[in-house]
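> Please find one structure pasted underneath; my questions will follow.
The values are calculated or read from the model by the stated rules, or taken from the named source; none is laboratory data. These figures come from a predicted structure and were not determined experimentally. When we count neighbours, we look across all protein chains shown, and the Cβ atoms used for this are built from the backbone with ideal geometry, even at glycine.
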Amino acid sequence: RAVQALPRPRQRARVLAGALAAQRDIGRFLSSLAMINAGVALAVGLGLHLAGLPNPLMWGVVSGVLNFIPYLGPVAIVGLLGVAGLLAFPTGWMPLLPPALFLAVHAVEANFIAPWFVGRRLVLSPVSVFLSVMLWGWLWGIAGALVAVPVLIGLRAVCRRTPRLRWLAVLLDGRRGTAPSLRTLLAA
């Protein structure tokens, strides 16, 4: 209905193309996150199986699902695995093994795998992603941190199709290439 309300066909086409591009990019982001979290679930489940914790498949799935929630998800997983470790291994240093195993997997995932994989698929500027997560996390807390990257993707799609905002789309893009020449910049 919003697209139909626009007076000019060219505006309708531009808005519709932007919405479809944003939808495609947000889908890429969520599928990337799902693949990464499936890998986390697999690594944690396998590690807990090797450590001898009962129900490693369940703990792997719980780890993968809760890892979708920024900040609180990993904290909850560490707490749950700490309790499970205490119940399964009541003495010695073994109760610390399940949460330590998850922390090791999470450290690799959060610092290396996720930024590389998502950055390659979405081509967003890392600075813009960081600032978006910080801004929306500050404004809305965990819910804001959850929607920060999809909102940024939608903003970039709108900016790409609005002539006055294309400069912002250039800042949000993470494409690396040669810098434009001065002649190109002055001609634009």
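> Farther than 24 Å from MET35 by Cβ and touching a residue at least 60 places away in the same chain (Cβ under 8 Å), is that true of VAL158? Quick ask: steps written out before the conclusion?
Working: farther than 24 Å from MET35 by Cβ: yes; touching a residue at least 60 places away in the same chain (Cβ under 8 Å): yes.
Yes.
> Related question: Condition first: under 19 Å from VAL133 (Cβ atoms) and either more than 14 Å from the chain's Cα centre (by Cα) or charged (D, E, K, R) (or both). Now tell me which residues in the stretch 77-115 satisfy that. Before the answer, list the steps.
Going through the stretch 77-115, the residues under 19 Å from VAL133 (Cβ atoms) turn out to be 106-107, 109-115.
Answer for the stretch 77-115, where residues must be under 19 Å from VAL133 (Cβ atoms) and either more than 14 Å from the chain's Cα centre (by Cα) or charged (D, E, K, R) (or both): ALA107, GLU109.
> Which number in (1) in a helix (DSSP H, G or I); (2) modelled with pLDDT under 90; (3) polar (S, T, N, Q) marks the one condition that ASN37 misses?
It fails just one condition, (2).
> Something else about it: Which of the residues that make up the stretch 106-155 are among the hydroxyl-bearing types (Ser, Thr, Tyr) and over 18 Å from ILE69 (Cβ atoms)?
First, pick out the residues of the stretch 106-155 that are among the hydroxyl-bearing types (Ser, Thr, Tyr): 125, 128, 132.
Scanning the stretch 106-155 gives SER125, SER128.
> Determine whether the stretch 92-110 contains at least one residue that is in a loop (DSSP other than H, G, I, E, B) and modelled with pLDDT of 85 or more.
So far as the stretch 92-110 goes, yes, one or more of its residues are in a loop (DSSP other than H, G, I, E, B) and modelled with pLDDT of 85 or more.
Residue-by-condition table, conditions (1) modelled with pLDDT of 80 or more; (2) under 19 Å from LEU72 (Cβ atoms); (3) aliphatic (A, V, I, L, M); (4) under 17 Å from the mean Cα position of the chain (by Cα):
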residue: ALA148; (1), (2), (3), (4): yes, yes, yes, yes
residue: ILE153; (1), (2), (3), (4): yes, no, yes, yes
residue: LEU165; (1), (2), (3), (4): yes, no, yes, no
residue: VAL170; (1), (2), (3), (4): yes, no, yes, no
residue: ASP173; (1), (2), (3), (4): yes, no, no, yes
residue: LEU182; (1), (2), (3), (4): no, no, yes, no
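> Is there a residue in the stretch 23-35 that is over 18 Å from ALA148 (Cα atoms) and over 15 Å from the mean Cα position of the chain (by Cα)?
As a first pass, look at the stretch 23-35 and keep what is over 18 Å from ALA148 (Cα atoms): 35.
In the following step, the residues that additionally are over 15 Å from the mean Cα position of the chain (by Cα) were identified as none.
No, the conditions are met nowhere in the stretch 23-35.
> Can you spot a residue in the stretch 106-127 that is among the small types (Gly, Ala, Ser) and crowded, with 18+ Cβ neighbours inside 10 Å? It would help to see each step written out before you state the result.
Keep residues of the stretch 106-127 that are among the small types (Gly, Ala, Ser), which gives 107, 110, 114, 119, 125.
From what's left, crowded, with 18+ Cβ neighbours inside 10 Å: 114, 125.
Yes, that holds for at least one residue.
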